[in-house]
Structure formats: structure tokens, C-alpha cells
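Data first, discussion second: the structure below is written as C-alpha cells.
The values are calculated or read from the model by the stated rules, or taken from the named source; none is laboratory data. What you are looking at is a predicted structure, and each value in this text was computed from that prediction instead of being measured. Positions of Cβ are backbone-derived with ideal geometry, glycine not excepted, and every protein chain shown enters the neighbour counts. Just so you know, the surface numbers come from the protein's heavy atoms only, side chains and all, with ligands and any DNA or RNA stripped out. Shrake-Rupley method; radii C 1.70, N 1.55, O 1.52, S 1.80 Å.
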Amino acid sequence: MKNTYWLLRHGKSLANEAGIIISKKENGVSEEWRLAAEGREQALSAGELLRQQLAAAFPHAVAAGLNITDAAQLQVYCSPFSRTKETAILAAGKAGLRVEEDPGLMRAGGRFQVVDSLMERDFGMDLEKKPYGGAYEALWEQDAQDSSSRAGKDGESVADVSIRIKSLFKELESRHDGVHILLVGHGDTLSILQATMEGADIREHRKYAFKTGELRLLLGAVSPSLIQRT
């Protein structure tokens, strides 16, 4: 890959606290399901960790008093859901890319972009706004058997999410060269992303499960042919 990728799951949300599944875009963008207080703290902690990691990678920039996100040419892409967008703004700001102070960063072509490719995996209308119960566990067992098995009647399969992830990486690798990119998304989306981009069996994506507010460096080397197969 030409770029360095950082993966961040959103902080704990009000939906997480309530134990409610919110996976449809029309619900996810609502402020009703924004971050909980703990989630905002998690986002800030992730941003501080990112700042430290970038500072270690660019010591000369630190010594020169430069903004570390400028030295890293940090780009941020996030899901449009309120919980991910808020996480991205808080984490990027803590790292040094202060979106709230410079709205121009969010304009087309700017360094902070909201993309549907990073949206939550659609778990279908049967599960939307329903309590977790054992729904996730049952679905993940299903995933482990068949990556094309859909969540509910109208939800997404692991393979569906993997396809949109490959398309996103194809675009990012075409658009950027030698920069650091922060991708802010959701639990299943990011675990499937990591399995996909590291060339693992996507049926076993739960091996890459993310905690809320967890920041992770994508280490796997991805061949151009993998990205092209969209």
C-alpha cells in the first residue's frame, strides 16, 4: 500500500449504552444515537494516542514545532453516523487536525471526509432498533459458516461489506500517496475491513473484533490485485 492506515472504532454510543441495534443510515445519522460521555472520552484518548504515534514517526517535525498532522499529511474518513462523525472530529482534533476550527477541511477534497463506505454493517429491518439479546452472536456464527449469508431479510452479508471496503481502498490508493489516513467506522465494518485488507478469511472477521474507541494500525500488506477485485 502507498499509504499508512489507522483504524478507529467509534466511542461508546448512546445506542451501546441502551443495548440497541442502530445500523440503518436514516437512524444512525440522528443525534439521538450520538456518543455517550464515556464515548467522548474514548475518542479523545484515541486522538491522543494517534498524536503520540505520529510524533514518534516524525520526530523532526516535533523538534521544529510543526503540527504533527500536517507533517503526516493526515487525512480523515468517517462513516456518516453521528457516533462515528463525532468520534472522528474529537480524535482528529486531539491529534491536531481541528475540524471544528476550520470547516473548510470538510469541503469536497478536504482532509476530513464523510463516506458511506465506512457505514455500519446493515443488520436488516428485523433487528433495527431491537435489543442486542443474542442477535450479534447468532449472526457471527452464521458469518463463520458462509460469508454470503445476509443479516436478516434485507441486511448485508460479510461479502457485501468486503466489496465496499475494497472499493474504498481502491479509491484511497488512487487519490493519496505517502500519507497517513484515519478511517473511523463501526465494529463489524472494521473487523471485516481488516480481514479483507490483510488477505484473511473474511468468515473469520471476528478475530479482528474492535472495542469501542479502539485505535489500531493496519499492518497487513495488500497486493494491488486484491484491491482491484471489486
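Condition check for L139 on (1) touching a residue at least 40 places away in the same chain (Cβ under 8 Å); (2) buried (at least 20 other Cβ atoms within 10 Å of the Cβ); (3) part of a helix (DSSP H, G or I): one failure, at (1).
May I ask you to say which residue of T196, T212 is part of a loop (DSSP other than H, G, I, E, B), surrounded by 18 or more Cβ atoms within 10 Å (Cβ to Cβ) and either charged (D, E, K, R) or modelled with pLDDT of 95 or more (or both)? Talk me through it step by step, then tell me what you get.
Values: T196 fails: part of a loop (DSSP other than H, G, I, E, B).
The match here is T212.
Condition check ((1) farther than 27 Å from I192 by Cβ; (2) of a type in the set (A, V, I, L, M)) across all residues:
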position: Q53; (1), (2): no, no
position: A63; (1), (2): yes, yes
position: L66; (1), (2): yes, yes
position: C78; (1), (2): no, no
position: A88; (1), (2): no, yes
position: M106; (1), (2): no, yes
position: Y132; (1), (2): no, no
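Residue check: F81 meets all listed conditions (1) among the hydrophobic types (A, V, I, L, M, F, W, C); (2) open to solvent by less than 10 Å² (accessible area, probe 1.4 Å); (3) more than 18 Å from the chain's Cα centre (by Cα) but one, namely (3).
State whether one or more residues within the stretch 186-203 are more than 26 Å from S82 (Cα to Cα) and touching a residue at least 60 places away in the same chain (Cβ under 8 Å).
Filtering the stretch 186-203 for residues more than 26 Å from S82 (Cα to Cα) gives 198-203.
The next check asks that each one be touching a residue at least 60 places away in the same chain (Cβ under 8 Å); those that pass are 203.
Yes, the stretch 186-203 contains a residue that is more than 26 Å from S82 (Cα to Cα) and touching a residue at least 60 places away in the same chain (Cβ under 8 Å).
Considering each residue of the stretch 160-180, count those that are open to solvent by less than 30 Å² (accessible area, probe 1.4 Å), aliphatic (A, V, I, L, M), part of a helix (DSSP H, G or I) and out of contact with any Lys or Arg (no Cβ under 6 Å at 6 or more places or on another chain), and give that number.
Let us first name the residues in the stretch 160-180 that are open to solvent by less than 30 Å² (accessible area, probe 1.4 Å), namely 161-162, 165, 168-169, 172-173, 176, 179-180.
Right, trim to aliphatic (A, V, I, L, M) and you get 161, 165, 168, 172, 179.
Filter once more, keeping what is part of a helix (DSSP H, G or I): 161, 165, 168, 172.
Applying the additional criterion that residues be out of contact with any Lys or Arg (no Cβ under 6 Å at 6 or more places or on another chain) yields 165, 168, 172.
Selection size over the stretch 160-180: 3.
Considering the stretch 112-130 alone, what residues qualify as being among the aromatic types (F, W, Y) and either assigned to a loop (DSSP other than H, G, I, E, B) or open to solvent by 40 Å² or more (accessible area, probe 1.4 Å) (or both)? So that I can check it myself, show each step before the final result.
We begin by selecting, within the stretch 112-130, every residue among the aromatic types (F, W, Y); these are 112, 123.
Of everything in the stretch 112-130, just one residue is among the aromatic types (F, W, Y) and either assigned to a loop (DSSP other than H, G, I, E, B) or open to solvent by 40 Å² or more (accessible area, probe 1.4 Å) (or both), namely F123.
Just the residues that are closer than 27 Å to F169 by Cα and either at pLDDT below 95 or out of contact with any Ser or Thr (no Cβ under 7 Å at 6 or more places or on another chain) (or both), please, taken from the stretch 29-46. L44, S45, A46 - these are the residues of the stretch 29-46 that are closer than 27 Å to F169 by Cα and either at pLDDT below 95 or out of contact with any Ser or Thr (no Cβ under 7 Å at 6 or more places or on another chain) (or both).
Condition first: touching a residue at least 60 places away in the same chain (Cβ under 8 Å) and not hydrophobic (A, V, I, L, M, F, W, C). Can you find one or more residues in the stretch 97-120 that meet it? For the stretch 97-120, residues touching a residue at least 60 places away in the same chain (Cβ under 8 Å) and not hydrophobic (A, V, I, L, M, F, W, C): present. For the stretch 14-23, the criterion of being open to solvent by 10 Å² or more (accessible area, probe 1.4 Å), touching a strand residue (DSSP E or B) at 6+ places or on another chain (Cβ under 8 Å), farther than 18 Å from L190 by Cβ and in a helix (DSSP H, G or I) is satisfied by at least one residue. Checking the stretch 159-167 against the condition returns a match, with at least one residue being in contact with a Leu (Cβ under 6 Å, 6 or more places away or on another chain) and under 21 Å from A88 (Cα atoms).
Checked against the criterion of being at pLDDT below 95, of a type in the set (A, V, I, L, M, F, W, C) and either surrounded by fewer than 24 Cβ atoms within 10 Å (Cβ to Cβ) or part of a helix (DSSP H, G or I) (or both), the candidates L90, L49, L54, L66 yield just one match: L66.
Across the stretch 24-46, the number of residues qualifying as in a loop (DSSP other than H, G, I, E, B) and touching a residue at least 60 places away in the same chain (Cβ under 8 Å) comes to 1.
Which residues, counting only those in the stretch 1-24, are within 15 Å of T84 (Cβ to Cβ) and under 15 Å from the mean Cα position of the chain (by Cα)? Reasoning before the result, please.
Applying the first criterion (within 15 Å of T84 (Cβ to Cβ)) to the stretch 1-24 yields 6-16, 22-24.
W6, L7, L8, R9, H10, G11, K12, S13, S23, listed by residue number.
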